[in-house]
Amino acid sequence: MPQLAQFDTPFASLQLSRRPHRDRETLQPWDAADEYLLQHLASQNIAADSRILIVNDSQGSLSAALSTYRCTLWADSAISQLSANENCARNQLVAPEFIPASDIPQGSFDYILYKLPKARSLLQYQLQHLAPLFSRPEQFIGAAMARHIDQNVVATFNKYLAPSGPSLARKKARLIELQSASHTSAFDDDCKIVELPELGLTLHNRANVFSRDKLDQGSRIMLRAMDTLAAPTRVADLACGNGLLGVYAQVIWPEAELHFFDDSFLAIDSARRTVQANSRKPNIESSCTFNADDCLSNYHGEPFDLILCNPPFHQDHHVGDHIAQAMFRDSLKHLAPNGRLCVVGNRHLGYHHILKKLFGRCNIIDSNPKFVVLLAHR
């Protein structure tokens, strides 16, 4: 059962949980920036029928607190969507309408509540598309922990939304307040295309995708290791990002059925575009599925012969291996008998010990001074 924490707000007292669920959770499902934002909004005496756009509500705390209003949640995270739905249901509240970051909110809103994302590419992409959605500066309330608001963040707001500045700090959190109405301009294309001539592949990288400017070192050694694996029939690219590992699997195992999973909707869209750009046979997408999910928590299909995984080592600004461990546990559940999990990670993260404890068998199949590629057998 998920571990619960009580969140007392000016709007409601809530029982909330974090995703991914884990025993002995040390992190709260909200932060001081959420508290500051809600306290500020409560002081505005907003109308009961206000239409509110909530952006980047990572664990659903804002969505649950404001559920009596007409709320829409816009986020690039399946965890955000699942958490909002789960925490609202737990407190017998109405869940917000959800719009994935790969789509754009339409119309106008009475208030926009904006939690700063970690990725600057996502910040720029979102601010450009938020600018047309409101007309008065007081309708926009940004929030973040103070250490995450620097001159570059303020400059991005100034360029893509409106002149702005941080408020006084409260519990190490600050609001970002606009000083004038928003200005709109032509939208930049957030997709970066990276050519890999040595592999004959083209990668499409939308905002918020890991290593969107170049091929990262971990993926490079993972590709080399994949060449040594026996051919599978059903492959999952877990934490797929731009879809590189899955697309390379299609190149070396052309008969394999491919499934792409990522928490990020923009990553899933990137993977879909990468598959289309590198199609080497007609109707390539007919043998692929694309899934935004919290690890594999909502997958109910056939088990996999091989799961490929280059796991993240952070969730938002929180660094740790808890996401990777959740992926490893989910992988064990969804592997066929004698199925394999192939993982790349930094040496210092110690994935070998975790995988050996879970699977019983885990070997190093490739390495360099910084990274190791591990193969765990069910």
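The values are calculated or read from the model by the stated rules, or taken from the named source; none is laboratory data. From a predicted model like this one, the values you see are computed outputs, not experimental measurements. We place every Cβ from the backbone using ideal geometry, glycine too, and count neighbours over all the protein chains shown. Just the protein is used for accessible areas: all its heavy atoms, side chains included, with ligands, DNA and RNA removed. Shrake-Rupley method; radii C 1.70, N 1.55, O 1.52, S 1.80 Å.
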Scanning segment 262-281 residue by residue, those within 15 Å of LEU201 (Cβ to Cβ), part of a helix (DSSP H, G or I) and open to solvent by less than 30 Å² (accessible area, probe 1.4 Å) turn out to be SER270, ALA271, THR274, VAL275
Could you please find all residues in segment 92-103 being in a loop (DSSP other than H, G, I, E, B) and surrounded by fewer than 16 Cβ atoms within 10 Å (Cβ to Cβ)? GLN92, VAL94, ASP103
Which ones in segment 226-261 are open to solvent by 20 Å² or more (accessible area, probe 1.4 Å), in contact with a helix residue (DSSP H, G or I) (Cβ under 8 Å, 6 or more places away or on another chain) and assigned to a strand (DSSP E or B)? GLU257
Any residue in segment 28-38 that is open to solvent by less than 30 Å² (accessible area, probe 1.4 Å) and within 22 Å of ALA292 (Cβ to Cβ)? yes
Set LEU113, LEU123: member being without any contact (Cβ under 8 Å) to a residue 60 or more places away in the chain and buried (at least 20 other Cβ atoms within 10 Å of the Cβ): LEU123
When segment 174-215 is examined, which residues are found to be β-branched (Val, Ile, Thr) and under 24 Å from LEU266 (Cα atoms)? THR184, ILE193, VAL194, THR202, VAL209
Condition check: aliphatic (A, V, I, L, M) and either modelled with pLDDT of 95 or more or within 22 Å of THR274 (Cβ to Cβ) (or both). Does LEU349 satisfy that? no
Boolean, SER135 is assigned to a loop (DSSP other than H, G, I, E, B), in contact (Cβ under 8 Å) with a residue 40 or more places away in the chain and open to solvent by 30 Å² or more (accessible area, probe 1.4 Å): yes
How many of the residues in segment 1-38 are touching a residue at least 60 places away in the same chain (Cβ under 8 Å) and farther than 30 Å from MET327 by Cβ? 4
Has segment 55-66 got any residue that is part of a loop (DSSP other than H, G, I, E, B), surrounded by fewer than 23 Cβ atoms within 10 Å (Cβ to Cβ), of a type outside the set (Asp, Glu) and over 22 Å from the mean Cα position of the chain (by Cα)? no
Here the residues within segment 67-117 that are at positive phi and modelled with pLDDT under 95 are GLY107
Go through the residues of segment 78-99 one by one and say whether even a single one is under 25 Å from ALA186 (Cβ atoms), touching a residue at least 12 places away in the same chain (Cβ under 8 Å) and under 18 Å from the mean Cα position of the chain (by Cα). yes
May I ask you to list pairs of residues, at least six apart or on different chains, whose Cβ atoms are under 6 Å apart, with the first in segment 177-195 being in contact (Cβ under 8 Å) with a residue 40 or more places away in the chain and within 26 Å of THR274 (Cβ to Cβ) and the second being assigned to a loop (DSSP other than H, G, I, E, B) and not aromatic (Phe, Trp, Tyr)? ASP190/ARG206; ASP190/ALA207; CYS191/ARG206
